[in-house]
1. Using Cα-only point scatterers and the Debye equation, what is log10 of I(q)/I(0) for region 98-174 at each q in 0.12, 0.16, 0.21, 0.25 Å⁻¹, rounded to two decimals?
2. Sort 101-108, 68-75, 148-155, 167-174 for me by packing, meaning the mean count of neighbouring Cβ atoms within 10 Å per residue, highest on top.
3. Dipole of region 54-102, Cα-centred, from +1 at each Lys and Arg C-beta and -1 at each Asp and Glu C-beta, to the nearest 20 debye?
4. Checking the table K92/K177; K92/K156; K71/K92 against a 22 Å threshold on Cα-Cα, which pairs fail?
5. Around V128, with a cut-off of 12 angstrom between Cβ atoms, what is the net charge of the other residues, counting Lys and Arg +1 and Asp and Glu -1?
6. Could you look at region 46-119 and say what percent of its accessible area is carbon and sulfur, using a 1.4 Å probe and all protein chains?
7. Summing +1 for each Lys or Arg and -1 for each Asp or Glu, what net charge is found among the other residues whose Cβ lies under 12 Å from the Cβ of D94?
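The values are calculated or read from the model by the stated rules, or taken from the named source; none is laboratory data. What you are looking at is a predicted structure, and each value in this text was computed from that prediction instead of being measured. Methodologically, a virtual Cβ is constructed for each residue, glycine included, from the backbone with ideal geometry; neighbour enumeration extends over all protein chains shown. Note: accessible area is taken over every heavy atom of the protein model, side chains too, but ligands, DNA and RNA are not part of it. Shrake-Rupley method; radii C 1.70, N 1.55, O 1.52, S 1.80 Å.
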Amino acid sequence: MGATPEHHTGGEDPNRRDFIHIAATVAAVGAVGGLAWPFIDQMNPAADTLALASVEFDLSKVELGQQVVIKWRGKPLFIRHRTGKEIAAAIKDDNAALRDPQTDEERHKAGKAEWLVLIGTCTHLGCVPTFGGGDFGGWFCPCHGSHYDTSGRIRKGPAPKNLAVPEYTFLSDSKVKVG
Ligand code: FES
């Protein structure tokens, strides 16, 4: 039976002293973190807001007959370089029975029929349609089967509206600014 040695002197418990020391260190780190955070917090929204408000895009990156998808305000944006055939198909159907009537000309900038800029979310429940499917040679939404034509107009399926055209302007022949 050994006695438990007690080496405490001066009535102070070394374990307790260590604990207080560690607690003070954590509190100091916490205070620095607390100071740093508001600065970071203030900078982030401004940068994000700027990036999200508008986006510039170089059209020379998109070959004829191709489409790119960029992100804008948290949504996919389709930038499609239409072929003559796609444009002709869209114009031909200007007088078809359209659920959300719009001519092809109303869906692009004057003299720029080859460029379509569309918000790439299906107007039914927001899935992202793919190009080249469906019955009208445009976009097809596989979620519930909405078919859009080469102008992005809804032609068949449950979606109520055409693919939306965002606000955008041409900054030059090869540069657009969306938003
Ligand atoms: S979300 Fe596209 S058809 Fe339903």
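1. Evaluating at q = 0.12, 0.16, 0.21, 0.25 Å⁻¹ gives log10 I(q)/I(0) of -0.31, -0.54, -0.87, -1.14.
2. The densest-packed peptide leads the list: 148-155, 101-108, 68-75, 167-174.
3. Result for region 54-102 is approximately 180 debye, rounded to the nearest 20.
4. Violating the 22 Å Cα-Cα cut-off are K92/K177; K71/K92.
5. So the surrounding residues net to +2.
6. About 54 percent, which is the carbon plus sulfur part of the accessible surface.
7. -2
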